[in-house]
Every structure is written in structure tokens, then in C-alpha cells.
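Read the structure below first, then the notes.
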Amino acid sequence: MIAHVIGTVAEKFNSSVIVDVGGVGYEVAVPAGDYDRMVLDSSIKLYTYHHVREQSEDLFGFSSLAAKKLFELLITVQGVGPKAALAILSLGDAESVRNAIANSDSSFVQKATGVGKKTAERVVVDLSDKVGLPTHYGRKAEPSQTELNINDEALEALMALGYTLADATKALEGVDPSLPTSQRVHQALKG
């Protein structure tokens, strides 16, 4: 299993990038937001999902571990394959998608290319209790304690230790976000 790739963006095309890792180019399909932020000849780290089928092998890459874990949850839903999951994650950043699912917003999920009404409804029914608590939805608000920061190193550390996205979010709920990452992880593990 290829867990991540670190290298240089060598080429960009059709929502995929080629990452040069020590002279070997890996073609990685990425969500639209990640694709737009990537710059040719820049260094990058992508958390990857290695999808193996009888006829092919594909790599799907994400700039954050939270996005990868959400992708892995999406492909557990009947009727959602890796390409549909990538299309859902291309609707916005991982937090927006997670929040829409947590709030049972199937119309948001249905906007993804190749995702119909029934599949979108199945996604929110199957995953709404697995993606963590909903945040303020549909309006701009100041961050609350339950708001998930997808760039949160403590969240990613807990997920690297085997916590699910929902469990890691719940463990960090009562922990002061101004503390250093190591102390936040320690308090989350204690609590």
C-alpha cells in the first residue's frame, strides 16, 4: 500500500498530477481544490489511497489526512466508487463536504458529477453519524468548539494513531485549541 508520496509536481492534466519521486513519476488523481492549488515544479506531499482492480491500479491523493479518511469513508457507501468519492470531495474543501454530510445535506452531495439523488441520500444516511459533529451550517460564523480544522495537526496525529475521523473530532472537543499539538494530543488521549 502506498500511504503517501512526497516529491515535485512534474505535470498537471485532467484533474491528475504526476509527482516525481526520486526519478519515478506517480500519476495521482486529486480533488479539484488540491489540483487548483498545485504549482508545477513545487514540492508536495499527498496522502494517497491505492485502489487496485483486476485491470488497473490507481492512486488518489489528498493534501490532508482528514480528506483521505473522508474519501475512505465515502467509498464504503454502496454505489460510490473512488471516482464518485473524488467528485464529491471536489465540491469544496474536506471540511465543507464533511459538514454537508454531518448535516444530512444530500442536495450538496448530489451536485457532484456522476452522483444521483439516491446515491447522495445513501451517502448522508450511511455517513452522517460517522463524520463527526456538524458545525455552523449555511452561514458564516465564528469558529465554535465543535468546528473541525482540517489542517489540525492534533487531529491528524489522532487519526494516525488509529482513531476514526469522528472519534478524533470528539476526543478533541473539550481540548483547548491554543495548546501545543503534543499537549492537545495527550489531553485527547487522556479524556
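The values are calculated or read from the model by the stated rules, or taken from the named source; none is laboratory data. Just so you know, these numbers come straight off a predicted model, no measurement behind them. Cβ sites come from the backbone with ideal geometry, for glycine too, and all protein chains shown count toward neighbours.
Figure legend. Inter-residue proximity from the stretch 144-165: first residues in the same structural domain as residue 131 (by TED's automatic domain parsing) and assigned to a loop (DSSP other than H, G, I, E, B), second residues at pLDDT 80 or above and of a type in the set (Asp, Glu), beta-carbon distance below 7 Å, spacing 6+ or different chains. Indicated pairs: 145/173; 146/173; 148/95; 150/93; 150/95.
Restricting the search to strands (runs of 3 or more DSSP E) fully inside the stretch 1-112 and requiring at least 1 residues that are without any contact (Cβ under 8 Å) to a residue 60 or more places away in the chain, surrounded by fewer than 14 Cβ atoms within 10 Å (Cβ to Cβ) and of a type in the set (S, T, N, Q) gives 43-52.
Taken over the stretch 61-104, the criterion of being hydrophobic (A, V, I, L, M, F, W, C), within 25 Å of residue 154 (Cβ to Cβ) and within 12 Å of the chain's Cα centre (by Cα) is satisfied by 62, 65, 66, 67, 70, 71, 73, 74, 89, 94, 97.
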